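The block underneath contains the structure these notes are about, expressed in structure tokens.
The values are calculated or read from the model by the stated rules, or taken from the named source; none is laboratory data. Note that the structure is a prediction, hence the values are computed from the model and not measured. In this analysis, Cβ positions are derived from the backbone assuming ideal geometry, glycine residues included, and neighbour counts consider all displayed protein chains. Remember, those area values only see protein heavy atoms, side chains included, never the ligands or the DNA or RNA. Shrake-Rupley method; radii C 1.70, N 1.55, O 1.52, S 1.80 Å.
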Protein chains: 2
Amino acid sequence: MVIDCHGHYTTAPPELERYRQRQIKNLTDPSQFPTAEPLTITDDQIRESLENTQLRLQRERGTDITLFSPRAVGMGHHIGNASTSLRWSQICNDLIFRICSLYPQNFLGVCQLPQSPGVPPVNCVGELERCVETLGFVGCNLNPDPSGGHWSDPPLTDRFWYPLYEKIVELNVPAMVHVSGSCNPNFHATGAHYLNGDTTAFMQFLTSDIFKDFKTLKFVIPHGGGAVPYHWGRYRGIAQDMKRPPLGELLLGNVYFDTCVYHQPGIDLLTKVIPVDNILFASEMVGAVKGIDAETGYYFDDTKRYIEAVPWLNDEDRSKIYEGNARSVYNRIDGSLSRRKGGRTPAESPNSAGL
Amino acid sequence: MVIDCHGHYTTAPPELERYRQRQIKNLTDPSQFPTAEPLTITDDQIRESLENTQLRLQRERGTDITLFSPRAVGMGHHIGNASTSLRWSQICNDLIFRICSLYPQNFLGVCQLPQSPGVPPVNCVGELERCVETLGFVGCNLNPDPSGGHWSDPPLTDRFWYPLYEKIVELNVPAMVHVSGSCNPNFHATGAHYLNGDTTAFMQFLTSDIFKDFKTLKFVIPHGGGAVPYHWGRYRGIAQDMKRPPLGELLLGNVYFDTCVYHQPGIDLLTKVIPVDNILFASEMVGAVKGIDAETGYYFDDTKRYIEAVPWLNDEDRSKIYEGNARSVYNRIDGSLSRRKGGRTPAESPNSAGL
């Protein structure tokens, strides 16, 4: 089985974006009540939005199941306030749940959290619980910078975040560290802010004792870990200069990297420097890079091809990257898949109309 | 000849830091006049600060000359105002000039600019001219985020920066894109802010037409280009999706990467994906990582060893990386070295006492 641990619903019907624009427009109303207008998306619209995109690419590339979350750039935690963010997160997470119910063999849910700049992350506990316990999701995306490029909240290792981590650990789900869009003109979202977020989070972990406080807390750093594997020597050296433990001991029991690196030399480097147990297969399709690489004739984000071509990986290594590591990091995958196999229907789907 | 294009004076006598602390203390005086107290550092102190550090490492590693600039973390453009920054830049640049005068065979000067958040970069023109025309410096360091981790100024591609670029182009010197310290607790300086600055600047260049406006403007992106070479496929793909020209055509006539990547797999990747004409040798010694790698028994930042070990580089490639590319990007190196060889003494050194 091949599990793609990183996919976003980037192909939603336009009704979703129209709903969001209405919600944003309503923010100019000082009461900032969430929009009362309903969102109506039918099951057929959902099917249509996926059949020729994610589902076709799964078939063509031989990936079986995608851990699927709302569009990352769209999370927009910097827009409005905590109520705005909660309502928008519920809408987006409910859509993911409907997708997982329509295609239980193809998708498992990962939720967006209702973060908001300056608001204590404990505020996300309710939506996280709902998604994991009621909707059957297996993980969450955690935005290290809810301000969208202004980095105004404390680092991920600050106690500000601890009450949320307590719930994450209790629910036994990992968090993928994933920024959203950038409202800072310095940072292009997918070309700079995403990778900076990954690099920044790793260095926060390196300089903290967070994994002494939360021994079972697990983070997945996407986009191949930002700049980290390319600078693995720098990080080993900085840790040594700072009298920190070796990186393996310090954080590799808690920090994992995905394979969203879109060329062969990058995947070669990733698999050379990061232990195979810490690498999870992912493509982020349909995501940051949609085109075909003229140099190879294949999609840039068809990352399975690169992994297949790494000469030093054996079958056991690939099995870990494709499936085993995802099952052990996302502890709830096994239970979710066996329930589905056993024919148990998922919890009743939120009504497709009037969400 | 081996030219190390990236070294900072990280080993200055403690008098320099004490001066800076006095300057910062004086900022609480509303008049914010620069400190009147003199800085006194003797030539012998300078010699002592270099002999067992940079000069010893040059000898041991077989590098001939270092393009030497003030300590990057110490630039601290976010501290005080433009007057603070100007006075501090003059002090630091004068010290670099004295070093270049004491050791004309070992160092060429690269200046710190008196940037300050919100202050138009044209304000730096005077100090840049002084350093290049009077002190004989061959380049400058340009901070893409003078706010120190808040990224509050416009992107490097904004017209805000253009008057400074006009002078840079007129003087025929390149700018190394180099942030300073971070006053944002999210960003560790050398482990996150540096690499993020590199990645961010590259993406700004990719999305702009700055090199149509300044055809001869040259930027060196240090630290191996941040996350860029590791994600070269991502950048090629994003450019293609955005209907931008191929990266070679778009920016490789203007953007260069140094070799401050502290392990073999990183240098292998850099030299595999970036054309050899765009790679400049550098170590940043004595800099971000000072220790010896227990896995190899050599200093992490002894980057010449990694370049020597890349099997696909031939003598001509190495000659470009070590010397040729630096001479063509830093156009003033040739003139500076030939003047020194001809026995011309540099311009009179600023007085060693009472700077």
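Observations, loosely collected:
- Residue match in segment B:310-319 (condition: within 30 Å of residue A:242 (Cβ to Cβ), of a type outside the set (Lys, Arg), crowded, with 19+ Cβ neighbours inside 10 Å and at pLDDT 95 or above): no
- Residue list for segment B:273-300, filter: away from chain A (no Cβ under 12 Å), over 22 Å from residue B:54 (Cα atoms) and open to solvent by 30 Å² or more (accessible area, probe 1.4 Å): B:275, B:276, B:277
- Residue count for segment A:213-233 under the criterion of being of a type in the set (A, V, I, L, M) and either part of a helix (DSSP H, G or I) or over 19 Å from residue B:265 (Cα atoms) (or both): the result is 3.
- Boolean, residue A:170 is more than 14 Å from every other protein chain (Cβ to nearest Cβ), closer than 17 Å to residue A:92 by Cα and not small (Gly, Ala, Ser): no
- Complete set of residues in segment B:176-192 that are in contact with a Gly (Cβ under 6 Å, 6 or more places away or on another chain) and closer than 19 Å to residue A:230 by Cα: B:187, B:189
- Boolean, residue B:191 is closer than 30 Å to residue A:161 by Cα, small (Gly, Ala, Ser) and surrounded by 21 or more Cβ atoms within 10 Å (Cβ to Cβ): yes
- Of all residues in segment A:253-267, those being within 14 Å of another protein chain (Cβ to nearest Cβ) and open to solvent by 20 Å² or more (accessible area, probe 1.4 Å) number 2.
- Checked against the criterion of being away from chain A (no Cβ under 12 Å) and surrounded by fewer than 23 Cβ atoms within 10 Å (Cβ to Cβ), segment B:222-236 contains not a single residue that satisfies it.
- The set of residues in segment B:93-127 that are within 17 Å of residue B:333 (Cβ to Cβ) and open to solvent by less than 20 Å² (accessible area, probe 1.4 Å) comprises B:96, B:97, B:99, B:100, B:107, B:108, B:109, B:110, B:111.
- In the set B:250, B:270, only one residue is more than 9 Å from chain A (Cβ to nearest Cβ), assigned to a helix (DSSP H, G or I) and touching a residue at least 40 places away in the same chain (Cβ under 8 Å); that residue is B:250.
- Note on segment B:206-221: residues that are of a type in the set (Ser, Thr, Tyr) and open to solvent by less than 40 Å² (accessible area, probe 1.4 Å) amount to 1.
- Among (1) modelled with pLDDT under 80; (2) touching a Lys or Arg at 6+ places or on another chain (Cβ under 7 Å) - the single one residue B:329 does not satisfy: (1)
- Cβ separations smaller than 9 Å between residues 6+ apart or across chains give the following pairs from segment B:206-221 residues that are closer than 10 Å to residue B:255 by Cβ to residues that are in a loop (DSSP other than H, G, I, E, B) and of a type in the set (Lys, Arg): B:206/B:244.
- Residue A:90, sole failed condition from (1) more than 14 Å from chain B (Cβ to nearest Cβ); (2) of a type in the set (S, T, N, Q); (3) surrounded by fewer than 19 Cβ atoms within 10 Å (Cβ to Cβ): (3)
Residue-wise test of (1) among the basic types (Lys, Arg); (2) under 21 Å from residue B:199 (Cβ atoms).
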{"site": "B:56", "(1), (2)": "yes, no"}
{"site": "B:72", "(1), (2)": "no, yes"}
{"site": "B:98", "(1), (2)": "yes, no"}
{"site": "B:102", "(1), (2)": "no, no"}
{"site": "B:122", "(1), (2)": "no, no"}
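- Filter pass, residue B:303 being farther than 29 Å from residue B:254 by Cβ and either out of contact with any strand residue (DSSP E or B) (no Cβ under 8 Å at 6 or more places or on another chain) or open to solvent by 30 Å² or more (accessible area, probe 1.4 Å) (or both): no
- Residue list for segment B:109-160, filter: touching a strand residue (DSSP E or B) at 6+ places or on another chain (Cβ under 9 Å), within 27 Å of residue A:145 (Cβ to Cβ) and more than 12 Å from chain A (Cβ to nearest Cβ): B:115, B:121, B:141, B:142, B:143
- Test: residue in segment B:134-147 that is open to solvent by 50 Å² or more (accessible area, probe 1.4 Å) and either touching a helix residue (DSSP H, G or I) at 6+ places or on another chain (Cβ under 9 Å) or touching a residue at least 40 places away in the same chain (Cβ under 8 Å) (or both): yes
- Screening residue A:82 on (1) over 18 Å from the mean Cα position of the chain (by Cα); (2) open to solvent by less than 30 Å² (accessible area, probe 1.4 Å); (3) closer than 18 Å to residue A:178 by Cα shows it passes everything except condition (3).
- All helices (runs of 4 or more DSSP H) inside segment A:1-77 with 1 or more residues being open to solvent by 10 Å² or more (accessible area, probe 1.4 Å) and without any contact (Cβ under 8 Å) to a residue 60 or more places away in the chain: A:14-26, A:43-51, A:54-61
- Evaluation of residue A:197 against the conditions (1) more than 7 Å from chain B (Cβ to nearest Cβ); (2) surrounded by 23 or more Cβ atoms within 10 Å (Cβ to Cβ); (3) in contact with a helix residue (DSSP H, G or I) (Cβ under 8 Å, 6 or more places away or on another chain) shows that the sole unmet condition is (3).
The rows are residues; the columns are (1) assigned to a loop (DSSP other than H, G, I, E, B); (2) more than 10 Å from chain B (Cβ to nearest Cβ); (3) at positive phi.
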position	(1), (2), (3)
A:166	no, yes, no
A:183	yes, yes, no
A:186	yes, no, no
A:192	no, no, no
A:202	no, no, no
A:208	yes, yes, no
A:211	no, yes, no
